[in-house]
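Peer 1: Dumping the structure here so I can ask a few things about it.
The values are calculated or read from the model by the stated rules, or taken from the named source; none is laboratory data. The structure presented is a predicted model; accordingly, all values stated were derived computationally and were not measured. For neighbour counting, all protein chains shown are included, and Cβ atoms are generated from backbone atoms with ideal geometry for every residue, glycine included.
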């Protein structure tokens, strides 16, 4: 397994268990960067041209906080173990799928929960997708 993608998943799971929404938002994102880099209106203007003029708007911190809080609620676990990692074929940017076995209170274990981790433009790895349906049954 690669160290960086797996370490990103581990840090995200640790942050989710203590409900550190800011840390989670720094570890979740796309090739363009972390979802937590919301900036202010001026920052949005420079980061996302057109956002001030009716284009794609920047994500507000309250929306990011709500997303991370929901994910944190779902990921509350007793223990975890990264069990697999593979490159995601056909991805636009370098991406790996890290499989994690997760244990929960009550003795339930869910095997191979997938975390897709992408390499952002500045080189660090960010979680881009979590197979939450394996945990919620939906």
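Peer 1: Could you check the stretch 117-138 and list, in sequence order, the residues that are modelled with pLDDT under 95, within 19 Å of residue 74 (Cα to Cα) and not in a helix (DSSP H, G or I)?
Peer 2: Hits for the stretch 117-138 are 137, 138.
Peer 1: Taking the stretch 16-34 as the search range and keeping residues that are in contact (Cβ under 8 Å) with a residue 40 or more places away in the chain and in a loop (DSSP other than H, G, I, E, B), which one is farthest from residue 128 (Cα to Cα)?
Peer 2: Checked the stretch 16-34; the qualifying residue farthest from residue 128 (Cα to Cα) is 19.
Peer 1: Tell me, which residue of the stretch 87-116 that is touching a strand residue (DSSP E or B) at 6+ places or on another chain (Cβ under 6 Å) and assigned to a loop (DSSP other than H, G, I, E, B) is farthest from residue 30 (Cα to Cα)?
Peer 2: 88
Peer 1: Here is a follow-up. Kindly indicate whether residue 121 is surrounded by fewer than 19 Cβ atoms within 10 Å (Cβ to Cβ), in contact (Cβ under 8 Å) with a residue 60 or more places away in the chain, over 20 Å from residue 29 (Cβ atoms) and in contact with a strand residue (DSSP E or B) (Cβ under 8 Å, 6 or more places away or on another chain).
Peer 2: Working: surrounded by fewer than 19 Cβ atoms within 10 Å (Cβ to Cβ): yes; in contact (Cβ under 8 Å) with a residue 60 or more places away in the chain: yes; over 20 Å from residue 29 (Cβ atoms): no; in contact with a strand residue (DSSP E or B) (Cβ under 8 Å, 6 or more places away or on another chain): yes.
No; evaluated as a whole, the condition is false for this residue.
Peer 1: Separate question: Looking only at the stretch 62-75, decide whether some residue is at pLDDT 55 or above, touching a strand residue (DSSP E or B) at 6+ places or on another chain (Cβ under 8 Å) and in a strand (DSSP E or B).
Peer 2: There is no residue in the stretch 62-75 that is at pLDDT 55 or above, touching a strand residue (DSSP E or B) at 6+ places or on another chain (Cβ under 8 Å) and in a strand (DSSP E or B).
Peer 1: Would you mind telling me which numbered condition in (1) in a helix (DSSP H, G or I); (2) modelled with pLDDT under 95; (3) more than 19 Å from residue 120 (Cα to Cα) residue 46 fails?
Peer 2: (3)
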